[in-house]
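Rule-based calculations on the coordinates, nothing more; no lab input. In this text the structure is predicted, and so the values were computed from the model without any measurement. Here the Cβ is made from the backbone with ideal geometry for all residues, glycine too, and neighbour counts use every protein chain on show.
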Amino acid sequence: MSSKHVVVIGGGSAGTGLVQALSTKLASTEHRITLVTEKEYYPHYISALRAFSGPISDTEWPESTLLPLDRLLANKNGKLIIAKATSIEYDHEIKSGKGNVITDKGDRIPFDVLAIATGSHWESPLDFGSTKKAALQQISDWREKIKHAKGVVLVGGGAVGIGESKPITLVHNKSLLLNPTYPDKFRRDLANRLEKQNIHLVLDDSIDVENTRDEIVTSKGFRVNGDLLIPTRGPRANPALLETLSPAPITSSGHAAVEATLQIKGYPNIFALGDVISFEGEIPQKAKHGGHIAVVSSNILDALAGREPQAKYTKSFEGIFVTIGKNNGAGYVGVWWGLMFGGWVVKILKGKTLFVGMVKKSLGY
């Protein structure tokens, strides 16, 4: 078997998980792995809101939000390139399907198999820069803003916006929090828990974040008591790299168009995983990345061996655990009749640690 090159784009949960899975299965004498990521660290977004709003003396959370990548390759059979992948060169006439990834630093990286795990775009304050120094400064700046704010207004009642426990106003454009994927009973329970924490909810209303000036007013004319506005509308898929392919394999929802094997439609040696895909309308979510990784890693091994990829992804059940500070929250898992969990369970499973230890272990620490 001739040596082949696997290139993975994206250093978030899905990309790093795939690299680690492949690193444990591929010998360096047979195949090479390259991870291309724009950030020099792993951004653990689940702990980010606590990094912004936790006690100023609590310096653990900023560091636990930005984790190192230097131990990722378990068998030392690859390399890490810190650069932004800007385009893909792909010749449909080449039966082998080989191509190149071009970066903003001038790299031209040849691949036999490519995996796209470019994740999502986040709004400020979660739009971290590429260096850890810049990201830590951004966290520090926002901690000061929140510390000195007279009132905080979160725009968007998805899972991102609900992690705060400081007295705030939360504006959401639906009559219930989150989205209709989750049952109304759970969404009402979550609202009740927030209101018991003295968080004021403004539902079925919205704020034009881009055009807000000194006074914060909703689209229905309600004047919100707050002087610091934070968009928490959740991330948007980041398929920009796929737009450089012709034809561009992107769905109407802005996600990568994939087969059940998680191969990009029309590009059999290019795979996609993580938040850049939404398989059969599935909500992109970190909890689902493990299933993506299992399918893509198995199919990449098939491709390297000259076999047709066999593993197929099946849509996962929906679930969510929302923290409200360290000691409260609500959870839902869409199995059987739909299981709901209260603050004690969420505290034990997620609230205290936000999975930091588990993520560090996955990165080799």
Nearest 5 is fine: what % of DSSP beta bridges in the chain come out antiparallel, could you say? 45
Per principal axis, descending, Cα span of region 290-329 in whole Å: 51, 18, 6
Largest first and to the nearest Å, give the Cα extent of region 230-356 along each principal axis. 50, 34, 30
Using the alpha-carbon atoms, what tilt in degrees (0 to 90, nearest 10) does helix 184-196 show relative to the longest principal axis of the chain? 50
Compute the FRET efficiency between E30 and A240 as 1/(1 + (r/R0)^6), taking r as their Cβ-Cβ distance and R0 = 30 Å, and round to the nearest 0.05. 0.40
Greater than 25 Å apart at Cα, pairs in K25/K98; K4/K133; K76/K132; K185/K360; K174/K265; K150/K347: K4/K133; K185/K360; K174/K265; K150/K347
Positive-pole candidate from V202, Y182, L228, dipole of region 182-234, charges at beta carbon: Y182
List the longest stretch of the chain that has no exposed loop site; here a site is one of the trypsin sites (Lys or Arg not before Pro) assigned by DSSP to anything other than H, G, I, E or B, with at most 13 other Cβ within 10 Å. 221-306
Helix 132-148 against the longest principal axis of the chain: what's the angle in degrees, Cα atoms only, rounded to the nearest 10? 10
Charges only on Cβ, +1 for Lys and Arg, -1 for Asp and Glu: so what's the dipole of region 105-254 about the Cα centre, in debye to the nearest 20? 420
Would you work out which of H92, Y313, P110 lies farthest towards the positive end of the dipole of the chain? Charges go on Cβ: Lys and Arg +1, Asp and Glu -1. Y313
At q = 0.11, 0.20, 0.22, 0.25 Å⁻¹, what is the base-10 log of I(q)/I(0) for region 288-361 according to the Debye formula with one equal point scatterer per Cα and no solvent? Please give it to two decimals. -0.45, -0.88, -0.95, -1.05
Restricting to DSSP H runs of at least four residues, report the calculated mean residue ellipticity at 222 nm for the chain, -39500 (n - 2.57) per run over all residues, nearest 500 deg cm²/dmol. -6500 deg cm²/dmol
Could you line up Y267, Y45 from fewest to most neighbouring Cβ atoms inside 10 Å? Y45, Y267
What list do you get for T16, T181 if you sort them by fewest beta carbons within 10 Å? T181, T16
Provide the net charge surrounding S206, with neighbours chosen by a C-beta distance below 15 Å and charges set as Lys +1, Arg +1, Asp -1, Glu -1. -1
Size of charge dipole - the chain - debye, nearest 20, with Cβ of Lys, Arg +1 and Asp, Glu -1, no other charges: 1020
Could you please state, rounded to a whole Å, how far the C-alpha centre of region 1-54 is from the C-alpha centre of region 223-261? 20
Square roots of 5 times each gyration tensor eigenvalue, C-alpha, the chain, largest first, Å: 38, 21, 20
Out of region 256-338, which chymotrypsin sites (Phe, Trp or Tyr not before Pro) are coil in DSSP terms and have no more than 15 other C-beta atoms within 10 Å? F317, W336, W337
Go through L301, V335, P268 and say which Cα lies farthest out towards the positive end of the charge dipole of region 231-365; charges sit on Cβ, +1 for Lys and Arg, -1 for Asp and Glu. V335
Quick one: compute the contact order of the chain, relative version, from alpha carbon pairs under 8 angstrom and 6+ residues apart, as a percent. 17
Just to be sure I understand: if I project the alpha-carbon convex hull of region 166-299 onto a plane and average over all orientations, what area do I get in nm²? 10.8
